[in-house]
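The values are calculated or read from the model by the stated rules, or taken from the named source; none is laboratory data. None of the values given here were measured: they were computed from a predicted structure. Note that we place each Cβ from the backbone using ideal geometry, even for glycine, and neighbour counts take in every protein chain shown. Only protein heavy atoms, including side chains, enter the accessible area calculation; ligands, DNA and RNA are left aside. Shrake-Rupley method; radii C 1.70, N 1.55, O 1.52, S 1.80 Å.
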Amino acid sequence: MKMAITPARRLVGEIHVPGDKSISHRAVMLGSIAQGDTYITNFLMSDDCMSTIRAFRHMGVPIQITDPDTVIVKGRGLRGLTPPKIAIDAGNSGTTARLLAGLLSGQSFSSTITGDESLRRRPMDRVITPLRKMGAHISGVQDKYLPLSIKGGALKGIDYFMPVASAQVKSCLMLATLYADSPSRIYEPAPSRNHTELMLQAFGGRLDINGNEITVYPVSQLYGQHVDVPGDISSAAFFITAGLLVPNSSIILKGVGLNPTRTGILEVYKQMCGSLAIENVSTSGGEKRGDIIVNASHLKGTVIGGQLIPRLIDEIPVIALAATQAEGTTIIKDAQELKVKESNRIATVVDILSRLGASIEATDDGMVIYGPTPLKGNWVDSFGDHRLAMMAAIAGLIASGETVINGWECVNISFPGFYDMLKRLQN
Ligand code: S3P
């Protein structure tokens, strides 16, 4: 499906972006293996999160969707899952595949995890290697790719230094350790999102956290909770960027998740002289949230790298777009992980923004952007990557003429309703 975007005069209004994707996945997973019901409000009803719901339904967990965004998970207890009769299809969702690999390694049955064409190209050796150290019987295509075959069984805790900062790997190992006979100690090279840590504690799990070192303990049971999911800052990122770039704009984003492991984008935009303010801050289930007020701004180039990268990894495409409008050079470095996302986001971001007239170069670990350059409408491909489709749409608001995005439907992976929200801000 194609989407055509034309320039916006200004964006004004108040919006609620949908619930956080990472937290929505985790609430279904922990709810399924907890005892009692888990109520999830403001759940992200998107293709990726539906892959997680379907996976647990295949393992005998009754999951009801009531309101448009309320989910009730009838937890089966830590050892209550039943063997899935078919391969679990994680669709496009890396979080579903990698976290499930850990959880399924500890079950008393065998299972298979597969995914769509994009997910079948993404590295799974990052979970296979440490899970094998825990004693898991897990294999993949070339020991690296989906489908994964898992013969669940006894696991032992490990001491593991993760070679890359990845919340998916960390969470995979934490879930596996719940079923192990001893604790695991996991070290991260840099802090990645800590939603599993926070939610596991709320569900009755036991953890010790010491800087970048987490000790996770096996449990005998977890207990169902109410999880009210904050708005997804990775979805908010598109509107924050649009508000900064479209002249005379003023947008209020209500109830956005502000977990410090996710707010790198706000720090970067402030450093780039973006007008951003935070109001009405509160915390629930350990997760901070608040309203973000954005006003159109003249941005300046900056350098983004090091420990900041995991705190804004999913926002890099749209930050690169912002950099095309900033005065001076922006350097994004230490971001090799971009190559193994839903697309190779170094290559695909450079492709799309170049086609729209930006001055941008790929590097081995990121990109360099020379701004400001006026953008010109053109056709671009989403590469089946939701965050690129939405980045291109925001670019279309400030490009002259028409920007046509091929493969628009992938937006539903994380943000159904994105286009309607964008239209509403233009009225
Ligand atoms: C996620 C972790 C990140 C992120 C992804 C969601 C998660 O991936 O890019 O969109 O929910 O844990 P990595 O763990 O591969 O860095």
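Of the two radii for the stretch 21-228, the radius of gyration is 0.93 times the Kirkwood radius, both from the alpha carbons; that is the Rg over Rh value. At full extension, residue 336 and residue 125 could sit 74.3 nm farther apart than now, given 0.36 nm per residue minus the alpha carbon distance.
Quick one: net charge of residue 293's neighbours, Cβ under 11 Å, K/R +1, D/E -1?
Working: positive: 254; negative: 14, 279, 291.
It works out to a net charge of -2.
Each residue of the stretch 357-368 was assigned a 3J(HN,Hα) from its phi angle through the Karplus curve 6.51 cos²θ - 1.76 cosθ + 1.60 (θ = phi - 60°); the sequence is x, 6, 9, 8, 10, 7, 10, 5, 10, x, 7, 10 Hz, with glycine and proline shown as x. Near the amide H of residue 376, within less than 5 Å, lie the amide hydrogens of 357, 400, all on another chain or at least 5 residues away, with H placed in the peptide plane.
The amide H of residue 110, built 1.01 Å from its N in the peptide plane, has 152 as neighbours under 5 Å, considering only residues 5 or more places off or on other chains.
Working note: Karplus 6.51/-1.76/1.60 with θ = phi - 60° gives the stretch 416-421 the couplings x, x, 4, 5, 4, 5 Hz, where Gly and Pro are set to x.
Just the number please: accessible area per residue for the stretch 21-228, 1.4 Å probe, all protein chains included, in Å². Could you put the intermediate results ahead of the total?
On the way: 7560 Å² over 208 residues.
Per residue, the stretch 21-228 has 36 Å² of solvent-accessible surface.
Taking all protein chains as present, what is the carbon and sulfur share of the accessible area of the stretch 21-228, in % to the nearest whole number, probe 1.4 Å?
Carbon and sulfur atoms account for 48 percent of the accessible area of the stretch 21-228.
Every Cα-Cα pair of the chain was included, and the share exceeding 43 Å stands at 10 percent. Taking other residues whose beta carbon is less than 9 angstrom from the beta carbon of residue 200, and scoring Lys, Arg as +1 and Asp, Glu as -1, yields +1.
In a fully extended conformation the segment linking residue 159 and residue 361 would gain 68.8 nm over its present Cα-Cα distance, using 0.36 nm per residue. Extension gain for residue 423-residue 139 works out to 97.6 nm (0.36 nm per residue, less the C-alpha to C-alpha distance). Out of all DSSP beta bridges in the chain, what portion is antiparallel? Express it as a percent rounded to 5. Antiparallel bridges make up about 70 percent of those DSSP assigns within the chain. Helix 386-398 axis versus longest C-alpha principal axis of the chain: approximately 20°, rounded to the nearest ten.
Please report the antiparallel percentage of the DSSP beta bridges confined to the stretch 21-228, to the nearest 5.
Within the stretch 21-228, antiparallel bridges account for around 75 percent of the total.
Rounded to the nearest whole Hz, the Karplus-based 3J(HN,Hα) values (6.51 cos²θ - 1.76 cosθ + 1.60, θ = phi - 60°) of the stretch 212-224 follow the sequence 8, 10, 10, 9, 10, 10, x, 10, 9, 7, 10, 10, x, with x at glycine and proline.
By per-residue mean of other Cβ atoms within 10 Å, what is the highest-first order of 13-26, 118-131?
Working: 13-26: 23.6, 118-131: 19.8.
Highest to lowest by the protection proxy: 13-26, 118-131.
Take the eigenvalues of the Cα gyration tensor for the stretch 206-297, scale each by 5, and report the square roots as semi-axes in whole Å, largest first. Provide the component values of the computation, followed by the final result.
Details: eigenvalues 213, 47, 18 Å².
Calculated on Cα positions only, the semi-axes equal 33, 15, 9 Å.
Put simply, the amide H of residue 303, placed in the peptide plane, has neighbours under 5 Å in 331, leaving out anything fewer than 5 places away on its chain. For the pair residue 370 and residue 278, label points projected 7 Å from Cα toward Cβ lie 3.6 nm apart. Using Cα atoms only, what is the angle between the long axis of helix 21-32 and the major principal axis of the chain, expressed in degrees (0 to 90) to the nearest 10? Tilt relative to the chain: about 20 degrees.
Charge tally for residue 257 (other residues, Cβ to Cβ under 14 Å; Lys, Arg +1; Asp, Glu -1): +1.
Given a 1.4 angstrom probe, I'd like the percentage of the accessible area of the stretch 318-427 that is carbon and sulfur, rounded to a whole number.
Working: 1860 of 3790 Å².
In the stretch 318-427, the share of accessible area belonging to carbon and sulfur is 49 percent.
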